[in-house]
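Asker: The structure under discussion is supplied below as structure tokens; questions concerning it will follow.
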Amino acid sequence: MENSPTTLGSKGLINKHEFLRVIIQCLYSLGYKKSASCLEIESGVRYKSIEFDLLESQILSGDWDDCIDTLNKIKDVKDDTRSSVLFLVFKQCFLEYLNRGDDSLALSVLQKRVPTLHMSNETVHKLAYSILALKEMELGKLDEDVISELRKRLVMELGKQLPPPIVLPERRLEHLVETSVTAQIDSCIYHNSQDAVLLYEDHCCGRDQIPTETVQILTEHSNEVWFIQFSNNGEYLASSSSDCTAIIWKVMDNDKLTMKHVLRSHQNPVSFVAWSPDDTKLLTCGNLEVLKLWDVETGTCKHTFGDHGFTVSSCAWFPDSKRIVCGSSDPEKGICMWDCDGNEMKAWRGMRMPKVLDLAVTSDGENLISIFSDKEIRILNLRTNAEQVIFEEHSITSLSVSIDSKFFIVNLNSQEIHLRDVAGKWAKPLKYTGHKQNKYVIRSCFGGINSMFIASGSENTQVYIWNRQSSTPIEVLSGHSMTVNSVSWNPKRPLMLASASDDHTIRIWGPSQSNKIQPAETST
């Protein structure tokens, strides 16, 4: 389609006059006044509309009657907007009349002008009182410079309130470009980079921006690996296994993992681990036994909570790294909050307390999210004690919270993952499908820049990755030979993902690389 004299673009969607006007505005806002003025002269397009140019002139010269007349004649302005800007003009009139001692004109503004705007009596009284109070304080008359500055402020305020095309919204071109870039990023299913997006070309990431290939296989566990979690600083990975051990792995500068500590103290399978926010301590939950606190640097057990038969389902830290909370599937145990020395600080328990399947504390410390009795989610605001209750139709097996504390996901045995907002404003969750989950506990996680991806294990030996904006997976990763129980995305290295499986291994996934050498398996 050929451009007409008044339109631009291959589709003829851009009005040429409007386009030039926003460019001129941009040049002025960037400080290129000469260039902007030259473009106005050459194109015959003015940045300021005729109406606003006239208004500005009338305000700066104090020609209030003509200014009011101009405002009343401008078309396509909503009544409430017109009343609002006229009120600002009347306010300036009132102030200036009083300032020069013309009390009768000032009174006339209050009695005749302002009532036409249908403002509340309270608003009018406040106006009169505030300005008269200034006069009574005998601060002296405002000089011409102050009056001039007040008039300039009035022009700026009207510029913010009057609609286009009378006035362009501030920085309109930057807004249009930013909106376009944001839309391109949002539509890029693999976007996972902090790098600036170039304006010179349309943005599109390739699948090499997310982890899709195995770069290392960890085989130190001698039985099923049930849970894994990267530390908050991304420098460590913790894993727990039915071999009754947990392992702390160190992430090296070359993105390879080496074993730092094997934590041997549990008598039963280790089902869960949780890093303290400062990454100096690690909690491990034994299956039908105790909860243990470990020093990450030395690998020594610092404290044991509970006793054998203490059915801890999961545990979490508070942001200060000094308090922990754990949930039990035994209603008599309920939910307990301890300090690191084992002193109970608070508890929610009793015969009416349902069994706790999983819980988490948001990273801001505001909310405690708990999974009760298979299908019930409770979000307790720890500051206000307000509580939300959400019911799912199918049994929930796990819970994960986004780093920014705004969202959480739950895995259901109906082969769905549901994404919800912590604030509880969404009427329905976003749903993700494709993976297989019927009878085992499968754990998912957020990952990537701004937690824009969701990853999950699956009973069919594969790892699934979704972009949060799409319900179908963008990648399905093969490599494990048995059920994948847990996944964890490195919070500081957005191209690193770990997965744990019943095949006794942990796989570290990285971006696709051409001609890469297949890494050798590590040995025990």
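The values are calculated or read from the model by the stated rules, or taken from the named source; none is laboratory data. Being a predicted model, the structure only gives us computed values, none of them experimental. Because the Cβ atoms are built from the backbone with ideal geometry, glycine has one as well, and the counts that use them run over all protein chains shown. Please note that ligands, DNA and RNA were not included when accessible areas were found on the heavy atoms of the full protein model with its side chains. Shrake-Rupley method; radii C 1.70, N 1.55, O 1.52, S 1.80 Å.
Asker: Looking at the stretch 32-86, what helices (runs of 4 or more DSSP H) fall wholly within it and have at least 1 residues that are at pLDDT below 90, over 41 Å from the mean Cα position of the chain (by Cα) and within 16 Å of Thr116 (Cβ to Cβ)? Talk me through it step by step, then tell me what you get.
Answerer: Working: elements: 33-43, 50-61, 64-73.
Here the list reads 64-73.
One line per residue, one yes/no per condition, for (1) free of Cβ contacts under 8 Å to residues at least 24 places away in the same chain; (2) open to solvent by less than 10 Å² (accessible area, probe 1.4 Å); (3) in contact with a strand residue (DSSP E or B) (Cβ under 6 Å, 6 or more places away or on another chain); (4) on the phi > 0 side of the Ramachandran plot:
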| residue | (1), (2), (3), (4) |
| --- | --- |
| Asn233 | no, no, no, no |
| Lys260 | no, no, yes, no |
| Leu263 | no, yes, yes, no |
| Gln267 | no, no, no, no |
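Asker: Please note which strands (runs of 3 or more DSSP E) are completely contained in the stretch 373-488 and include at least 2 residues that are among the polar types (S, T, N, Q) and touching a strand residue (DSSP E or B) at 6+ places or on another chain (Cβ under 6 Å). Give the steps one after another, and end with the answer.
Answerer: Values: elements: 376-381, 387-391, 396-401, 407-412, 416-421, 430-433, 444-447, 453-456, 463-467, 475-477.
In the stretch 373-488, the matching strands (runs of 3 or more DSSP E) lie at 396-401.
Asker: Determine, yes or no, whether Arg493 is outside any loop (DSSP other than H, G, I, E, B) and charged (D, E, K, R). Walk me through how you get there before you give the answer.
Answerer: Numbers: outside any loop (DSSP other than H, G, I, E, B): no; charged (D, E, K, R): yes.
So Arg493 does not fit the description; no.
Asker: Tell me yes or no: at least one residue of the stretch 341-350 is surrounded by fewer than 19 Cβ atoms within 10 Å (Cβ to Cβ), within 19 Å of Leu288 (Cα to Cα) and either touching a residue at least 40 places away in the same chain (Cβ under 8 Å) or touching a Gly at 6+ places or on another chain (Cβ under 7 Å) (or both).
Answerer: Quick first cut of the stretch 341-350, residues surrounded by fewer than 19 Cβ atoms within 10 Å (Cβ to Cβ) only: 341-350.
Still in the running and within 19 Å of Leu288 (Cα to Cα): 342, 349.
Now restrict to residues that are either touching a residue at least 40 places away in the same chain (Cβ under 8 Å) or touching a Gly at 6+ places or on another chain (Cβ under 7 Å) (or both): 349.
Checking the stretch 341-350: at least one residue is surrounded by fewer than 19 Cβ atoms within 10 Å (Cβ to Cβ), within 19 Å of Leu288 (Cα to Cα) and either touching a residue at least 40 places away in the same chain (Cβ under 8 Å) or touching a Gly at 6+ places or on another chain (Cβ under 7 Å) (or both).
Asker: How many residues are open to solvent by 40 Å² or more (accessible area, probe 1.4 Å), free of Cβ contacts under 8 Å to residues at least 60 places away in the same chain and assigned to a helix (DSSP H, G or I) if we restrict to the stretch 2-26? Can you show your working first?
Answerer: Residues of the stretch 2-26 open to solvent by 40 Å² or more (accessible area, probe 1.4 Å): 2-6, 8, 10-11, 13-19, 23.
When the remaining residues are screened for being free of Cβ contacts under 8 Å to residues at least 60 places away in the same chain, the result is 2-6, 8, 10-11, 13-17, 19.
Okay, now just the ones that are also assigned to a helix (DSSP H, G or I), so 16-17, 19.
Residues meeting the conditions: 3.
Asker: While we're looking at this one, here's another question. If you scan the stretch 280-321, which residues turn out to be within 19 Å of Ser241 (Cα to Cα) and assigned to a loop (DSSP other than H, G, I, E, B)?
Answerer: Asn287, Leu288, Glu289, Val290, Val296, Gly299, Thr300, His308, Gly309, Phe310, Thr311
Asker: To continue, here is another question. Kindly indicate which of Trp317, Trp338 is surrounded by 17 or more Cβ atoms within 10 Å (Cβ to Cβ) and without any contact (Cβ under 8 Å) to a residue 40 or more places away in the chain.
Answerer: Trp338
Asker: Check the stretch 408-429 and report whether any residue there is hydroxyl-bearing (Ser, Thr, Tyr) and surrounded by 20 or more Cβ atoms within 10 Å (Cβ to Cβ).
Answerer: Pass one, the stretch 408-429, residues hydroxyl-bearing (Ser, Thr, Tyr): 414.
Filter again for surrounded by 20 or more Cβ atoms within 10 Å (Cβ to Cβ), leaving none.
Checked against the condition, which is being hydroxyl-bearing (Ser, Thr, Tyr) and surrounded by 20 or more Cβ atoms within 10 Å (Cβ to Cβ), the stretch 408-429 yields no hits at all.
Asker: So Thr384 clears everything in (1) touching a residue at least 12 places away in the same chain (Cβ under 8 Å); (2) open to solvent by 30 Å² or more (accessible area, probe 1.4 Å); (3) out of contact with any Pro (no Cβ under 9 Å at 6 or more places or on another chain); (4) among the β-branched types (Val, Ile, Thr) except one condition, right? Which one?
Answerer: Unmet for Thr384, out of (1) touching a residue at least 12 places away in the same chain (Cβ under 8 Å); (2) open to solvent by 30 Å² or more (accessible area, probe 1.4 Å); (3) out of contact with any Pro (no Cβ under 9 Å at 6 or more places or on another chain); (4) among the β-branched types (Val, Ile, Thr): (1).
Asker: Further question: When the stretch 235-258 is examined, which residues are found to be among the aliphatic types (A, V, I, L, M), more than 16 Å from Cys315 (Cβ to Cβ) and in contact (Cβ under 8 Å) with a residue 24 or more places away in the chain? Walk me through it before giving the result.
Answerer: Just the residues of the stretch 235-258 that are among the aliphatic types (A, V, I, L, M), to begin with: 237-238, 246-248, 251-252, 257.
Now drop any that are not more than 16 Å from Cys315 (Cβ to Cβ), which leaves 237, 247-248, 251-252, 257.
Across the stretch 235-258, the qualifying residues are Leu237, Ile247, Ile248, Val251, Leu257.
Asker: Among the residues of the stretch 223-231, is any touching a strand residue (DSSP E or B) at 6+ places or on another chain (Cβ under 6 Å), of a type outside the set (A, V, I, L, M), open to solvent by 30 Å² or more (accessible area, probe 1.4 Å) and free of Cβ contacts under 8 Å to residues at least 40 places away in the same chain?
Answerer: Our first condition is that a residue be touching a strand residue (DSSP E or B) at 6+ places or on another chain (Cβ under 6 Å); within the stretch 223-231, this holds for 223, 225-231.
Imposing the further condition that a residue be of a type outside the set (A, V, I, L, M) reduces the set to 223, 226-227, 229-231.
Adding the requirement that they be open to solvent by 30 Å² or more (accessible area, probe 1.4 Å) leaves 223, 226, 229.
Checking which are free of Cβ contacts under 8 Å to residues at least 40 places away in the same chain leaves us with none.
Within the stretch 223-231, none of the residues are touching a strand residue (DSSP E or B) at 6+ places or on another chain (Cβ under 6 Å), of a type outside the set (A, V, I, L, M), open to solvent by 30 Å² or more (accessible area, probe 1.4 Å) and free of Cβ contacts under 8 Å to residues at least 40 places away in the same chain.
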